[in-house]
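**Student:** The structure's right below; bear with me while I get my questions together.
Computed from the coordinates by the stated procedures, all read-outs in this text should not be read as laboratory data. Keep in mind it's a predicted model, so treat the numbers as computed, not measured. Cβ: placed from backbone, ideal geometry, glycine included. Neighbour counts: every protein chain shown.
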Amino acid sequence: MIGTLCALLLLGTVSSSMSDRLMPAQDGTYRILPWVSHTIRMQDGKCPKFAPEGRCSKDGDQGWLSYIR
């Protein structure tokens, strides 16, 4: 019983840390690319469902270009 509980807690901790790696963030790492995809207007002219503060633009957030220059 205790071993099962520990295994579930460990699995929950690992899953949480792995899913955080895939979340978009404007932090200058690889996580900037999903962030940009959330800020680009869709083909029907609407913003993506999870656009930051509901705002988007034709080209999206281009702040990531400063990280590669």
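**Student:** With an 8 Å Cα cut-off and a minimum separation of 6 or more residues, compute the relative contact order for the chain in percent.
**Tutor:** On the way: 61 pairs, mean separation 14.5, N = 69.
About 21 percent, as a whole number.
**Student:** OK, next. 222 nm [θ] for the chain, helices only, -39500 (n - 2.57) per DSSP H run of 4+, per residue, to 500?
**Tutor:** Values: 3 runs with 32 residues, N = 69.
For the chain, the value works out to -14000 deg cm²/dmol.
**Student:** Based on the mean of other Cβ atoms within 10 Å per residue, sort peptides 32-43, 50-61 so the most packed one is first.
**Tutor:** Details: 32-43: 14.8, 50-61: 12.8.
The packing order, highest mean first, is 32-43, 50-61.
**Student:** I would also like to ask the following. Running Debye on the chain with equal point scatterers at the Cα sites and no solvent, what base-10 log of I(q)/I(0) appears at q = 0.12, 0.16, 0.20, 0.21 Å⁻¹?
**Tutor:** Result of the Debye calculation: -0.46, -0.64, -0.81, -0.85.
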